[in-house]
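Below: the structure, in structure tokens.
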């Protein structure tokens, strides 16, 4: 029992050390712009454009549900235009970034872990090194930069979609006029609502892609190993995303 | 010259190399033979710094690989072509891009890159395969592309990791001829890791047998064929006991 605990502690310390080493190597790859510059654009298209449908789909239904739940909760005691307030605030501060983040952890994080994991077990990563490329600047940095820059764009569009469908649902199903919905939307709005959600989503993008790359590049053992890495990347990303979500609320919203 | 000096390497506490020492002279092709899992590929990967030795070192033209910083290691890698066991082609890239990738790191013009790619593909009899993807190639063709990728760099050294494993005898013979042709055309120094004795006799100037983490015997093809060492004899004759 004690031996197992000791071994796990050592493994955990090794994992943290390994991650620190990985981030250090990543920082050293930054001057290699000639390599990662062009590849970042390719990854931005993959992360951004390809992920947009799933993020917008989730946001569209979330906006509708938020409007209906708000109306159900208020039950006449709170003016109905507060539906606009609740839809706007919740989409911007929490559900827009977190739901899109969780969906993209599955889509982007898993695909990166699987792709890099396959490259690792088929020696393509070794081949890159023998061709005098640094895997950090060729594989990791473009993905992390693409995730960090494109997640806020995706989340911004998801928030707008959620608010739009919330407005449509209020107008069609709750008989709330556009003026009333907008009144509620503007009521407690602060610019911080916008940048908080977008900043948070940038950190989610960085975390999800970094985890996908770290897990993918540490893959061992063929197809089974790739499968394990893919699952691990999704689980780690989702857990870290929720921890980060609580962390930013604690640091920036108090 | 490449020199393995008392190289030691273990994985998860299991020793693989236990004092591997070998000298590869310029211009010659040395074949390392040995049973599966004895560390032949492990030794090869130390030459380009893909693995770090627990003790000992590999010296390439006077440079100790384990002491090189990132820039020096990159410079060393530019002098060495590595042919992987399963070719390790980038499956998302065409054959042209697979070959061009390493050349783009050398600040060559697009015309020079295209010329070198065409020349390398011609040398491996794959002219016209530029636009094909690895998934569309047979095992033998992939290996030839892997060799073309290495020779397009015009390296001083080429390291072949099990180049004929998994190929039918005729395709294996084609790969053997290709390695000989590469040595004659480019005058490169080569190390070939294999357990295919026909291949070893065809391409090798010298043969070294790795056994239990060390070199058991090293000699010319004729010396190995006439050896009286029972372990080497059993291996080259492929006898079960």
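The values are calculated or read from the model by the stated rules, or taken from the named source; none is laboratory data. All of these numbers come straight from a predicted model, not from anything done at the bench. With ideal geometry, Cβ positions are generated from the backbone for all residues, glycine too; neighbour counts draw on all protein chains shown.
Got a sec? Which of A:96, A:101, A:147 is touching a helix residue (DSSP H, G or I) at 6+ places or on another chain (Cβ under 8 Å), away from every other protein chain (no Cβ under 14 Å) and over 30 Å from residue A:27 (Cβ atoms)? Walk me through it before giving the result.
Working: A:101 fails: over 30 Å from residue A:27 (Cβ atoms); A:147 fails: over 30 Å from residue A:27 (Cβ atoms).
Just a single option satisfies the conditions, and that option is A:96.
I'm checking my understanding of the structure. Among residues of the stretch B:2-44 that are without any contact (Cβ under 8 Å) to a residue 60 or more places away in the chain and either within 14 Å of chain A (Cβ to nearest Cβ) or under 14 Å from the mean Cα position of the chain (by Cα) (or both), which one is farthest from residue A:135 (Cα to Cα)?
Looking at the filtered set, the residue picked out is B:13.
Could you figure out which of (1) more than 23 Å from residue B:185 (Cα to Cα); (2) touching a strand residue (DSSP E or B) at 6+ places or on another chain (Cβ under 7 Å); (3) surrounded by fewer than 18 Cβ atoms within 10 Å (Cβ to Cβ) isn't true of residue B:65?
(3)
Output the residues belonging to the stretch B:123-141 that are on the phi > 0 side of the Ramachandran plot and at pLDDT 95 or above. Give the steps one after another, and end with the answer.
Applying the first criterion (on the phi > 0 side of the Ramachandran plot) to the stretch B:123-141 yields B:125, B:128.
Listed by number, the list is empty, since nothing qualifies.
Please go through the stretch B:47-72 and give me each residue that is farther than 25 Å from residue B:178 by Cα and facing chain A (nearest Cβ under 9 Å), ordered by number.
Going through the stretch B:47-72, the residues farther than 25 Å from residue B:178 by Cα turn out to be B:49-59, B:61-72.
The answer is B:49, B:50, B:70.
Can you pull out the residues in the stretch B:27-74 that are in a helix (DSSP H, G or I) and farther than 16 Å from residue B:160 by Cβ? Don't jump to the end; show me each part of the working.
Residues of the stretch B:27-74 that are in a helix (DSSP H, G or I), as a first pass: B:40-47, B:65-67, B:70-74.
Within the stretch B:27-74, B:65, B:66, B:67, B:70, B:71, B:72, B:73, B:74 qualify.
Within the stretch B:218-241, which residues are within 22 Å of the chain's Cα centre (by Cα), outside any helix (DSSP H, G or I) and surrounded by 17 or more Cβ atoms within 10 Å (Cβ to Cβ)?
B:218, the sole residue that qualifies.
What is the one condition in (1) within 14 Å of chain B (Cβ to nearest Cβ); (2) within 29 Å of residue A:251 (Cα to Cα) that residue A:187 does not satisfy?
Every listed condition holds for residue A:187 apart from (1).
Could you look through the stretch A:104-133, keep only residues that are more than 14 Å from every other protein chain (Cβ to nearest Cβ) and surrounded by fewer than 22 Cβ atoms within 10 Å (Cβ to Cβ), and pick out the one that is farthest from residue B:105 (Cα to Cα)?
A:106
Please state which one of A:117, A:147 is part of a helix (DSSP H, G or I) and over 27 Å from residue A:252 (Cβ atoms). Lay out the reasoning, then the answer.
Details: A:147 fails: over 27 Å from residue A:252 (Cβ atoms).
Result of the check over A:117, A:147: A:117.
Is there a residue being in contact with a helix residue (DSSP H, G or I) (Cβ under 9 Å, 6 or more places away or on another chain) and under 30 Å from residue A:223 (Cβ atoms) anywhere in the stretch A:63-75?
Checked the stretch A:63-75: no residue is in contact with a helix residue (DSSP H, G or I) (Cβ under 9 Å, 6 or more places away or on another chain) and under 30 Å from residue A:223 (Cβ atoms).
Quick one: count up the residues across the stretch B:156-177 that are surrounded by fewer than 21 Cβ atoms within 10 Å (Cβ to Cβ) and either within 22 Å of residue B:47 (Cβ to Cβ) or not assigned by the TED database to the domain that holds residue B:118 (or both).
Of the residues in the stretch B:156-177, 2 are surrounded by fewer than 21 Cβ atoms within 10 Å (Cβ to Cβ) and either within 22 Å of residue B:47 (Cβ to Cβ) or not assigned by the TED database to the domain that holds residue B:118 (or both).
Among B:144, B:132, which is the only one that is farther than 18 Å from residue A:132 by Cα, crowded, with 17+ Cβ neighbours inside 10 Å and touching a helix residue (DSSP H, G or I) at 6+ places or on another chain (Cβ under 9 Å)?
On the way: B:132 fails: crowded, with 17+ Cβ neighbours inside 10 Å.
From the options B:144, B:132, the qualifying one is B:144.
Listed residues A:158, A:132; which is over 19 Å from residue A:210 (Cβ atoms) and outside any helix (DSSP H, G or I)?
On the way: A:158 fails: outside any helix (DSSP H, G or I).
One residue alone meets the criteria, A:132.
Among (1) surrounded by 19 or more Cβ atoms within 10 Å (Cβ to Cβ); (2) more than 20 Å from the chain's Cα centre (by Cα), where does residue A:171 come up short?
Failing condition for residue A:171: (1).
I'm told residue B:114 meets every condition in (1) more than 14 Å from every other protein chain (Cβ to nearest Cβ); (2) under 16 Å from the mean Cα position of the chain (by Cα) except one. Can you identify the failing condition by its number?
Just one mismatch for residue B:114, condition (2).
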